[in-house]
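Peer 1: One structure, as structure tokens, below. Some questions next.
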Amino acid sequence: LKASGALNRPKYSDVKTPQDVAKKIIEAIPEDNPVVEGLTVNGPGFIMSRVKKEFLETWVQDLLVRGAPCKPHLEGKTRRRSPPPSSSSQGEETKEEEEVVVVDFSSPNIAKEMHVGHLRSTIIGESVCRILEYLDRMVLRVNHVGDWGTQFGMLIQYLKEEYPDFQNGDEGM
């Protein structure tokens, strides 16, 4: 999704580019936050950061001592299992209440060479899916290949050149 409408609002008159948006985000993060440091804007508006050593040490130590954290309870629809037949529902049908999340990632253009950007997108998309599944969301992964126009155009051109009388019943095909 690309939208530039938010940049045209009077409240954000000093924000003209994605780099400006990234700078505003960095400005909103307090210097004394316990998690990240070294926030910088890179390239077309990417925010680069490092996780603070102290935060990682504390988190890993806590993980080793207490074990894996419990799943957070989130508001909204999650995958809820129907109660077993022997429960107190006494024949009442319970339907699963599901919130379906669709994650579309990678989408390489098959008319062009694959590159590391496709791999990055796939890894990020799969990571998002796993996090959502951990939080009991029903996840649909959509990984479609893009632009087929060139391939079909070339195929149609080939067929026209090799079989010009195809529509007239040319048996040479």
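The values are calculated or read from the model by the stated rules, or taken from the named source; none is laboratory data. What you are looking at is a predicted structure, and each value in this text was computed from that prediction instead of being measured. Methodologically, a virtual Cβ is constructed for each residue, glycine included, from the backbone with ideal geometry; neighbour enumeration extends over all protein chains shown. For the accessible areas, the whole protein counts, side chains as well, though only heavy atoms, and no ligand, DNA or RNA atoms are used. Shrake-Rupley method; radii C 1.70, N 1.55, O 1.52, S 1.80 Å.
Peer 1: Against the conditions (1) part of a helix (DSSP H, G or I); (2) under 15 Å from the mean Cα position of the chain (by Cα), where does Lys160 fall short? Just the number, please.
Peer 2: (2)
Peer 1: What pairs come up if the first residue lies in the range 51-79 and is in a loop (DSSP other than H, G, I, E, B), the second is at pLDDT 80 or above and open to solvent by 100 Å² or more (accessible area, probe 1.4 Å), and their beta carbons are under 7 Å apart, counting only those six or more places apart or on different chains?
Peer 2: Lys71/Tyr134
Peer 1: Checking Glu97 against (1) modelled with pLDDT of 80 or more; (2) out of contact with any Asp or Glu (no Cβ under 9 Å at 6 or more places or on another chain); (3) closer than 30 Å to Lys71 by Cβ, only one condition comes out false. Which one?
Peer 2: (1)
Peer 1: Ok, one more. Across the range 102-125, which residue is modelled with the highest pLDDT among those that are loosely packed, with under 15 Cβ neighbours inside 10 Å and not in a loop (DSSP other than H, G, I, E, B)?
Peer 2: Narrowing the range 102-125 to residues loosely packed, with under 15 Cβ neighbours inside 10 Å: 102, 104, 109-117, 119-120, 123-124.
Subset that is not in a loop (DSSP other than H, G, I, E, B): 102, 104, 116-117, 119-120, 123-124.
Working: Val102: 91, Asp104: 85, Val116: 80, Gly117: 75, Leu119: 82, Arg120: 83, Ile123: 87, Ile124: 87.
Of everything passing the filter in the range 102-125, Val102 is modelled with the highest pLDDT.
Peer 1: In this structure, does Leu140 turn out to be open to solvent by less than 60 Å² (accessible area, probe 1.4 Å) and within 30 Å of Cys70 (Cβ to Cβ)?
Peer 2: Details: open to solvent by less than 60 Å² (accessible area, probe 1.4 Å): no; within 30 Å of Cys70 (Cβ to Cβ): yes.
No: the conditions fail for Leu140.
Peer 1: Could you look through the range 34-50, keep only residues that are not in a loop (DSSP other than H, G, I, E, B) and not β-branched (Val, Ile, Thr), and pick out the one that is surrounded by the most Cβ atoms within 10 Å (Cβ to Cβ)? Spell out the reasoning first.
Peer 2: Applying the first criterion (not in a loop (DSSP other than H, G, I, E, B)) to the range 34-50 yields 36-42, 46-50.
Still in the running and not β-branched (Val, Ile, Thr): 37-39, 42, 46, 48-50.
On the way: Glu37: 15, Gly38: 9, Leu39: 17, Asn42: 10, Phe46: 11, Met48: 12, Ser49: 13, Arg50: 12.
The qualifying residue surrounded by the most Cβ atoms within 10 Å (Cβ to Cβ) is Leu39.
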